[in-house]
Amino acid sequence: MGPFLDFNPFDNLLCILLGISFTVWFTLLLVFIIVPAIFGVSFGIRRLYMKTLLKIFEWATHRIERGAKDNNHLLYKPYSNAIIAKEPTSLEEEINEIRRRGSNRDLDSASEFEMSDIFYFCRRGVESIMDDEVTKRFSAEELESWNLLTRSNYNFQHISLRLTVLWGLGVVIRYGFLLPLRVTLAFTGVGLLVVLTSIIGFLPNGRMKNFLSEQVHLMCYRICVRALTAIITYHDSENKPKNGGICVANHTSPIDVIILASDGCYAMVGQIHGGLMGVIQKSMVKACPHIWFERSEVKDRHLVAKRLSDHVEDTTKLPILIFPEGTCINNTSVMMFKKGSFEIGSTVYPVAIKYDPRFGDAFWNSSQFGMVNYLLRMMSSWAIVCSVWYLPPMTREEGEDAVQFASRVKAAIARQGGLVDLLWDGGLKRGKVKDTFKEEQQKLYSKMLVGTQEDRSRS
């Protein structure tokens with residue numbers, strides 16, 4: 001009788017309710033998310049959700065503007081990341097203009113050095129400090145209006161009770177419902193990827209293995225896309241990368257891989273990691289010929305180029321996915337492409353990716369947030385909305401070197417995605433400006449002085 005004396009009917013009822021809740025939860029996940037992801041279909045729920053959010057943002061923005069006007073508050077206006085274009089002028093022309101204004105003399109009649117030349121370099125230095133077109137590419141993109149995320153407006157003040165209640169309701173929805181749902185989906189997608197690719201790895205090489213591998217990768221990546229409530233619009237799908245080619249894209253976030261891989265299969269390129277990422281890499285390479293490098297091999301450019309070249313020569317293998325910038329940029333520009341992937345001589349398939357920052361900031365500032373923290377911020381945002389453009393394939397032209405080819409591809413991506421095309425190296429995110437950049441300016445100035453002196457001696 002002892003055990004029965006401790007029986008509590010409320011505990012039994014609680015267990016039944018919890019069991020029913022979990023059953024309903026996973027049934028909804030299976031019916032509305034996982035099964036549609038397997039077959040690549042959508043019920044349109046995410047796009048309806050996006051349209052609803054836009055209407056809420058419009059109403060909230062109107063309330064903010066109205067409240068600020070009633071309370072005589074100054075609205076916070078973010079700076080623009082767009083660079084004000086000006087007519088390009090050479091160093092010689094600008095110094096000539098400064099000398100002419102200061103002493104009414106032309107450069108041709110001036111001495112080899114004048115004190116007024118210093119003002120040119122001082123002005124350029126101040127311009128770089130006031131409008132640094134490099135550093136601001138590594139910070140979060142500014143928004144024109146508030147999207148009800150606290151982290152996107154640090155100057156938020158209480159303007160109206162309705163707006164505060166709406167913000168609080170958003171916090172409850174994002175952290176109480178969306179975050180658990182997305183975490184569940186993320187673990188489901190990654191777990192299925194590891195298990196299924198490991199199983200497929202035991203099959204003999206052939207068409208059946210390749211087919212099953214592609215279907216499993218697509219299914220798992222589509223589940224992971226739904227874990228971010230990602231709403232993606234793909235344009236010009238007839239230009240999608242084909243086997244034996246190299247797909248290059250601008251880089252904003254680690255989820256760029258998921259965004260692209262949910263619409264087509266790619267061979268990934270990267271360094272071998274440990275921990276959970278290492279487990280995922282080992283299982284993936286069993287089912288598909290991804291290209292992973294040891295830490296000691298990454299700096300060997302010839303070895304990397306040979307393995308990439310061997311891969312693209314086999315037209316039965318998937319196209320390689322590469323992000324030539326080598327680092328994440330904040331969705332406003334495209335920075336210098338490393339020339340390595342353009343030296344191989346294969347067909348290049350450019351892809352432009354542009355995120356809509358109103359629903360969530362996809363940019364990963366790796367110097368500020370770790371990977372886990374970043375993913376939690378993504379999963380607690382409203383959604384990830386982006387557009388992907390597949391550009392026509394490009395090849396190296398006659399007499400064009402790898403650097404020129406990379407610049408031409410980069411310009412095409414920037415133009416299609418509405419991004420600023422910058423010549424700077426993304427490595428400046430963590431490193432200092434190379435001495436070659438400084439020496440280049442010094443050589444230009446020296447060349448100008450020597451040229452002026454030679455012209456005077458001839459005359």
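Values quoted throughout were computed directly from the atomic coordinates according to the rules given, and no laboratory measurement underlies them. Note that the coordinates shown come from a computational prediction; the quantities given were computed from them, not determined experimentally. With ideal geometry, Cβ positions are generated from the backbone for all residues, glycine too; neighbour counts draw on all protein chains shown.
Details
- In terms of the mean number of neighbouring beta-carbon atoms within 10 Å, the peptides 368-379, 227-238 order highest first as 227-238, 368-379.
- Cross-linked pairs Lys209/Lys282; Lys339/Lys443; Lys209/Lys286; Lys306/Lys338: Cα-Cα separations exceed 20 Å for Lys339/Lys443.
- Net length available on complete extension from Tyr175 to Leu14 is 55.6 nm, with 0.36 nm assigned per residue and the Cα-Cα distance removed.
- Rg ratio (alpha-carbon, reference 2.2 N^0.38 Å) - region 235-363: 1.06
- For the pair region 12-32 / region 402-416, the C-alpha centres are spaced 52 Å from each other.
- Residue-wise HN-Hα coupling along region 289-294, computed from phi with Karplus coefficients 6.51, -1.76, 1.60 (Hz; x: Gly, Pro): x, 6, 10, 10, 10, 6
- Long-range amide H partners of Ala230 with built H, under 5 Å: Ile384
- Residue-wise HN-Hα coupling along region 271-279, computed from phi with Karplus coefficients 6.51, -1.76, 1.60 (Hz; x: Gly, Pro): 8, 5, 10, x, x, 4, 4, x, 5
- Taking every C-alpha pair closer than 8 Å and separated by at least 6 residues, the mean separation divided by the residue count of region 174-308 gives a relative contact order of 31 percent.
- Of the cross-linked pairs Lys317/Lys410; Lys55/Lys240; Lys242/Lys410; Lys51/Lys240, those separated by over 22 Å at the C-alpha level are Lys317/Lys410; Lys55/Lys240; Lys51/Lys240.
- Relative packing of 182-193, 255-266, which averages over residues the other C-beta atoms within 10 Å, highest first: 255-266, 182-193
- The listed peptides 272-279, 216-223, ordered by packing as a protection proxy, come out as 216-223, 272-279 (highest mean of other Cβ atoms within 10 Å first).
- In this Cβ point-charge picture (+1 for Lys and Arg, -1 for Asp and Glu), region 322-378 has a dipole of about 40 debye about its Cα centre.
- Figure legend: label point modelled 7 angstrom from the Cα of Val183 along Cα→Cβ; residues of region 195-230 with amide N under 19 Å from it are 224-230.
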